[in-house]
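Okay, structure first, notes after.
The values are calculated or read from the model by the stated rules, or taken from the named source; none is laboratory data. Every value quoted in this text rests on a predicted model; they were computed, and no experiment measured them. Note that we place each Cβ from the backbone using ideal geometry, even for glycine, and neighbour counts take in every protein chain shown. Note: areas computed on protein heavy atoms with side chains; ligands, DNA, RNA excluded. Shrake-Rupley method; radii C 1.70, N 1.55, O 1.52, S 1.80 Å.
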Amino acid sequence: MPIEQKFAAAAASNALFTPVQTRSSVFHSSGSYREWRPGPGLRDWVCCYWYLPACTEGRVAVERERMVPDGCMDLIVQLDRASGQILGFLVGTVDHPVFVPAEDTRWDRLGIRLYPGGLQRFLKEPGYLFTNRICRLADINKTLEAELADCMLSASSVEQLISAVHRCLLARVHGGSCWEDTFRNILHHLFLAKGNLTVHELSRRECVSGKQLGRIFLERTGLSTKAFAQIIRFQHVLRHLNLEANPALIQAALQHGYYDQAHFIHEFAGFSGLLPSDYVKRSE
């Protein structure tokens, strides 16, 4: 497939999927959290850049922030401007809810949210090494941490920072793996079906064995094909609940491919740590 067609296919697939998190987020409710879409050249692999500045006025009223599976990975760089200390992290794909500290507000935080499979465009590391882990970026690639740290230290505005990060990542883009087309096609199928496709059906469509498909997904996302599909389905129903003022849970479950209410409750609780009814009540 010509490279122009591959890029168009990737962009079309990503346009079908926008990761979301639970409502009442500490970061989003602060009023300081901001996101930017990447510029040309990176939209196939980078979902967004995000930034949360330090705050000394007691912005955070709770100790931790709930994060739910979204199929993505994040590169995060934290800067303590008072001491000059910089810490970089790679947050791998997760398959269960995790809680991150939210009470320490002395750090400026820069984030790069990567679409599923986006990591391998910048770092030649398999996704399964980071599943359900938060790893020091310096232990993975010291050069990348240093480059991102320099962006934070030298930028005089957030807009300059985002532009500098974009240039940094553009310079690092390298070719995909031999299974790039297959992976992109599978993502397109899954996003279009909102996660409601079996491994057997995906294998049939791409003429790839289930075992080979599993190896591709572990390499690129850190998850099995089935688990990744379930997360995509969860993401779509979560978006539905976030947008609806008074959602009917049974209708939402059936609409998004859950075969009964018990199936929906079990999977939603596994990914969010909350029953659907409790999540709706918390969001009112």
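Only one of these is modelled with pLDDT under 95 and buried (at least 21 other Cβ atoms within 10 Å of the Cβ): Asp44, Asp80, Asp108, Asp70. Name it.
Asp44
Out of (1) surrounded by 14 or more Cβ atoms within 10 Å (Cβ to Cβ); (2) not in a helix (DSSP H, G or I), what's the single condition that is false for Tyr259?
(1) is the only condition that Tyr259 fails.
In region 181-191, how many residues are touching a residue at least 60 places away in the same chain (Cβ under 8 Å), open to solvent by 10 Å² or more (accessible area, probe 1.4 Å) and not polar (S, T, N, Q)?
Of the residues in region 181-191, 3 are touching a residue at least 60 places away in the same chain (Cβ under 8 Å), open to solvent by 10 Å² or more (accessible area, probe 1.4 Å) and not polar (S, T, N, Q).
Which one of these does His256 not meet: (1) under 18 Å from Gly71 (Cβ atoms); (2) out of contact with any His (no Cβ under 7 Å at 6 or more places or on another chain)?
Condition (2) is where His256 drops out.
Is it the case that region 196-211 has a residue that's farther than 30 Å from Ser177 by Cβ, in a helix (DSSP H, G or I) and acidic (Asp, Glu)?
Residues of region 196-211 that are farther than 30 Å from Ser177 by Cβ, as a first pass: none.
So far as region 196-211 goes, no, none of its residues is farther than 30 Å from Ser177 by Cβ, in a helix (DSSP H, G or I) and acidic (Asp, Glu).
May I ask you to list the residues in region 206-225 that are under 17 Å from Asp70 (Cβ atoms) and not hydroxyl-bearing (Ser, Thr, Tyr)?
Phe217, Arg220, Gly222, Leu223
Within region 111-145, work out how many residues are open to solvent by 60 Å² or more (accessible area, probe 1.4 Å), of a type outside the set (Val, Ile, Thr) and modelled with pLDDT of 95 or more. Let's see the steps before the verdict.
First pass over region 111-145, keeping only residues open to solvent by 60 Å² or more (accessible area, probe 1.4 Å): 124, 128-129, 132-134, 136, 139, 142-143.
Subset that is of a type outside the set (Val, Ile, Thr): 124, 128-129, 132-133, 136, 139, 142.
Remaining after also requiring modelled with pLDDT of 95 or more: 128-129, 132-133, 136, 139, 142.
Here the count works out to 7.
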